[in-house]
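Data block below; observations after.
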Amino acid sequence: MPCQLAEGLLTGCVQGSVQTLLLNTREDMRMKKEIVLTPEELYFMGVLLQAKYIDYAYVVAMGDIQQKRGIYESESREKLAEKGILMEDFSGNLEVDEEAGKILEPVFFGNLESFVDVALMEGEGRRIFSGRRFHFQEGRITSTVMGKEGIFLEAVDEGWIQAWVAGLLPEDYAREQAYIPVAQIDRGNISRIITVKSTLVGEKSAVEIYVEADGSVFAERADGQAMVLSKEQFGLEVYRGLKGE
């Protein structure tokens, strides 16, 4: 979805691809509060559970399964069984681990999905993307991160999200809320672009763009103005954006 910051400061939305993120499988994964799946395994689970929808970001991360569908299904089924997510009885009937199912249900049946992408500006416009997605379903929340080792899925709550959002800013960030003309922001000094998008499934989407320059985080406002956000204001705006509020 195209976005544009006033005065041509920023054109285009930062897309939801995650290119540099290391995933570690921790011991408490056995408690099924977090799981790691390949895109193909996630898609297989979506088909098995008769998902209402599957986020397109996960679909495009898959290989070409149409050419080798039988192999992909067989391998996904085998790996999911090894991870303890799928169990098969002697009759060949499949059962999904209960705790893993609770993590997956918001991904496949939630009514709201959102993400935060952070583009780090280095050198001559070089960008390194990192991002996190959230899926909401009737009080349950699943957070996902896509990396080279697969899709990391974790059951979280609202307090976890608030703490994670607060961590997007340095601990010593101490700017006060103020307004300046957008034209005063030096494009050459932009260090990060933070994109927050929320989508009510089957309905509308909302996108907010935040720019960090010279140690301050700015949000676009009306009439060519940009607001310098305090740490509290930034946390509140991003959190509400993720909740679709």
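The values are calculated or read from the model by the stated rules, or taken from the named source; none is laboratory data. Here the structure is a predicted model, which is why all the values come from computation and not from measurement. Note: ideal-geometry Cβ built from the backbone for every residue, glycine included; neighbour counts use all protein chains shown. Surface accessibility is based on the protein's heavy atoms, side chains included, excluding ligands, DNA and RNA. Shrake-Rupley method; radii C 1.70, N 1.55, O 1.52, S 1.80 Å.
Shown here for region 56-125: GluC sites (Glu not before Pro) in loop regions (DSSP other than H, G, I, E, B) with at most 12 other Cβ atoms within 10 Å, namely Glu124. Among the listed pairs Lys52/Lys79; Lys102/Lys243; Lys148/Lys197; Lys83/Lys148; Lys83/Lys231, a Cα-Cα separation exceeding 29 Å is found for Lys83/Lys231. Surface composition of region 136-245: carbon plus sulfur atoms contribute 46% of the solvent-accessible area (1.4 Å probe, protein chains only, all chains present). Shown here for region 43-95: trypsin sites (Lys or Arg not before Pro) in loop regions (DSSP other than H, G, I, E, B) with at most 12 other Cβ atoms within 10 Å, namely Lys68. Label separation (Glu82 vs Gln162): 4.1 nm, computed from points 7 Å beyond Cα along the C-beta direction.
Taking 19 Å as the cut-off, the amide N atoms of region 148-187 that come nearer than this to a point 7 Å along the Cα-to-beta-carbon line of Arg221 belong to 174-186. Return the loop-located GluC sites (Glu not before Pro) in region 130-206 (DSSP other than H, G, I, E, B) with at most 11 other Cβ atoms within 10 Å of their own Cβ; answer none if there are none. Loop-located and lightly packed - Glu138, Glu171, Glu176, Glu203. Accessible surface of region 50-91, 1.4 Å probe: 49 percent of it comes from carbon and sulfur atoms. What region 123-194 shows is 56 Å² of accessible area per residue, with the surface traced by a 1.4 Å probe over protein heavy atoms.
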